[in-house]
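This report refers to the structure that appears directly beneath it.
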Amino acid sequence: MMPITHLIMILISFPLSSSGVKWTYSGPNGENHWPKHFPYCGGAFQSPLNFQSDHLRYDPELLPIQLQNYNLSSKEQLTFSNNGHSVQLSLSSRMRLSGLPHHYSAAQLHFHWGSPNVLAGSEHTVDGKQFAAEMHVVHYNSGKYPNISMAVDKSDGLAVLGVFIEVGEFNPAFERFLRYVKGIKYRDQKVQVPAFNIRELLPPRLDEYYRYDGSLTTPPCFPSVLWTVFRQPVTISLRQYLTLATDLFSSHAQESAPMPLLGNYRKPQIMDNRVVLVSFQEGWEQYATNSVASPMQRRLVIQQLLSGDLADLADEGLQQLLPKIKHKPWAPKTWKENQINQHSSTDKPQKNRLHGNNPSAGKNAHTSPYLEKIVINEDELCFLSMEKNVSLLLRKHHKDGEIIHALKKTVFPELNLRSYLNCKSDLDLQTIRNLLRTRPTDEAAELEETLTKATKKERQRAMTQYHSPALTKLTGQNQVTGLKNVFNMNPTNHRLQPTEYED
């Protein structure tokens with residue numbers, strides 16, 4: 001039984017993100033309003049994404065997905081249900097994924113689809129192309145957590161397999177549960193269905209996929225998902241698709257005005273400096289040949305920021321290592337300057353969060369506790385706990401409206417740094433500032449001034465025109481190659497613009 005103190009903590013920490021809050025995909029409770037009640041939905045590292053060519057990077061170390069115990073016995077029963085937002089099929093925890101950073105056990109699978117007249121309902125898209133539907137097979141980190149409820153808000157908690165679905169040939173594997181849809185037409189209805197080989201629902205090729213760090217695509221939108229989206233789609237017949245798009249309702253059976261369950265997909269989110277790794281080289285030869293800084297080189301860059309000579313970095317011009325910053329013409333100058341001032345003046349050290357009780361945190365030590373924690377990745381981030389701390393602090397000052405922005409400001413540097421060290425992200429200016437907060441003020445002042453000047457520049461010269469001996473010593477590469485490899489630059493426009501929520 002859960003200790004009463006633990007239960008009270010959960011209730012306090014989720015005053016807004018409770019299951020009692022109604023949310024939909026459109027209308028007054030639609031996705032552009034989710035952040036009001038679920039702050040992480042307006043935060044960092046959100047999903048889904050549009051997989052664009054300029055955000056893809058080939059990683060030869062990505063191995064084919066390995067499945068264990070997916071061939072379930074027909075004697076086993078699975079629960080097929082309508083939760084008002086999708087149809088969901090429960091899965092056996094004996095089903096596992098291997099070859100990932102942790103051991104993941106299956107929990108459930110569900111679907112997102114369009115409407116009867118528009119065969120476009122996938123959440124992820126490829127160069128803007130939206131598929132008819134998408135299946136998500138959800139797994140939780142069973143090596144660290146006893147169930148999905150305990151894992152869902154942890155940064156290493158979930159791994160989801162995404163499968164694109166096109167309308168084409170009839171799919172007998174999908175028919176094994178779609179035949180029972182009439183028994184779950186309304187919200188909260190459930191039926192039992194015989195188990196089968198879940199592998200048959202996946203595409204034949206498990207070696208070609210997109211990989212990135214992201215979030216739940218439904219509230220509370222915790223950024224706790226390691227996404228694997230297969231490149232090859234599967235097909236279902238038009239009749240099978242219409243079973244999802246016409247036979248289901250998001251309302252309860254007793255309601256007088258049934259609401260159809262359709263168009264249940266979230267629109268693509270901003271990249272937040274992320275890079276999508278791809279396991280396939282065909283079609284992306286230009287990205288396959290790009291040289292990317294190794295995790296070791298990236299650790300050295302972070303170490304230099306944490307305990308190196310900041311004056312030397314400032315002299316060499318750290319802004320040369322930053323992404324090119326391009327202001328949108330509609331972004332007011334005063335707003336941009338306010339954001340710069342907020343970064344430089346209101347970011348206070350949070351040594352307890354970053355370093356625990358280590359008295360040497362922030363000093364010029366040979367190794368940094370912050371760096372070691374991130375590199376070793378021993379401790380996950382608990383998003384529920386972060387929301388609790390931020391919410392209680394801001395509510396004391398009646399600043400409920402600032403919760404969304406405060407959470408993003410708190411979470412983004414942590415996620416960006418972890419992703420950067422795993423070669424799945426570029427290093428953002430906000431993260432660099434966050435690292436510098438651990439340094440003595442007198443050492444960071446000159447570098448901070450350099451960074452501030454960099455943010456005010458609308459354009460920078462091409463990276464190949466710069467020289468940085470300091471980085472050359474750091475990475476052991478020539479000047480131009482070192483700059484290209486250690487910082488694979490992408491514009492970070494969204495960090496310098498007002499936040500927008502798609503309708």
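Once both labels are positioned 7 Å from their Cα atoms along Cα-to-Cβ, the gap between Glu169 and Met150 label points is 4.4 nm.
In this Cβ point-charge picture (+1 for Lys and Arg, -1 for Asp and Glu), the stretch 24-288 has a dipole of about 780 debye about its Cα centre.
If you take the Cα centroid of the stretch 27-47 and the Cα centroid of the stretch 196-241, the two points sit 22 Å apart. Here Val167, Val87 are placed in order of increasing Cβ neighbour count within 10 Å, fewest first, which gives Val167, Val87.
Remark on Leu78: its backbone amide H falls under 5 Å from those of Val193, Ala195, a criterion applied only to residues 5 or more positions apart or on other chains, H modelled at 1.01 Å from N.
If you build the Cα gyration tensor of the stretch 225-274 and take the root of 5 times each eigenvalue, what three semi-axes come out, in whole angstrom, biggest first? It would help to have the intermediate numbers written out before the result.
Values: eigenvalues 176, 71, 15 Å².
Taking √(5λ) for each Cα gyration eigenvalue gives 30, 19, 9 Å.
Spin-label model, Leu392 to Gln66: label points 7 Å out along the Cα-to-beta-carbon direction sit 4.3 nm apart.
Could you line up Phe164, Phe45, Phe280, Phe170 from fewest to most neighbouring Cβ atoms inside 10 Å? Numbers along the way, then the final one.
Working: Phe164 24, Phe45 31, Phe280 17, Phe170 12.
Sorted ascending by nearby Cβ count, the order is Phe170, Phe280, Phe164, Phe45.
Ordering Ser86, Val191, Gly143 by Cα displacement along the dipole of the stretch 24-288 toward the positive end leaves Val191 in first place; charges were set at the Cβ atoms of Lys, Arg (+1) and Asp, Glu (-1).
Summing Cβ point charges (Lys, Arg +1; Asp, Glu -1) relative to the Cα centre of the stretch 166-211 gives a dipole of roughly 360 debye. Length gained on full extension, Asp442 to Val191: 83.8 nm, using 0.36 nm per residue less the C-alpha separation.
If you average 1/r over all unlike Cα pairs in the stretch 129-265 and invert the result, what Kirkwood radius do you get in angstrom?
16.7
Less than 5 angstrom separates the built amide H of Glu166 from those of Val234, Thr235, Ile236, all sequence-distant by 5 or more or on a different chain.
For Asp153, Asp309, the sequence from fewest to most other C-beta atoms within 10 Å is Asp309, Asp153.
Above 33 Å, the calculated P(r) of the stretch 24-288 contains 15 percent of its Cα-Cα pairs.
Taking the highest mean first, how do the peptides 115-122, 385-392, 101-108 order by number of other beta carbon atoms within 10 angstrom per residue?
On the way: 115-122: 16.4, 385-392: 18.6, 101-108: 20.5.
The densest-packed peptide leads the list: 101-108, 385-392, 115-122.
Assuming R0 = 30 Å, what is the FRET efficiency of Ser98 and Ser237, from their Cβ-Cβ distance, to the nearest 0.05? About 0.35, to the nearest 0.05.
Using a simple spin-label model with pseudo-atoms 7 Å out from Cα toward Cβ, Asp309 and Asn117 lie 6.9 nm apart. Given a cut-off of 18 Å, name the pairs among Lys388/Lys408; Lys129/Lys408; Lys129/Lys424; Lys129/Lys267 whose C-alpha atoms lie farther apart than that in the structure shown. From the list (Lys388/Lys408; Lys129/Lys408; Lys129/Lys424; Lys129/Lys267), the Cα-Cα distance tops 18 Å for Lys129/Lys408; Lys129/Lys424.
Read-outs: derived from the displayed coordinates by stated rules, not from any lab. All of these numbers come straight from a predicted model, not from anything done at the bench. All Cβ positions, even for glycine, are placed from backbone atoms using ideal geometry, and neighbour counts span all protein chains on display.
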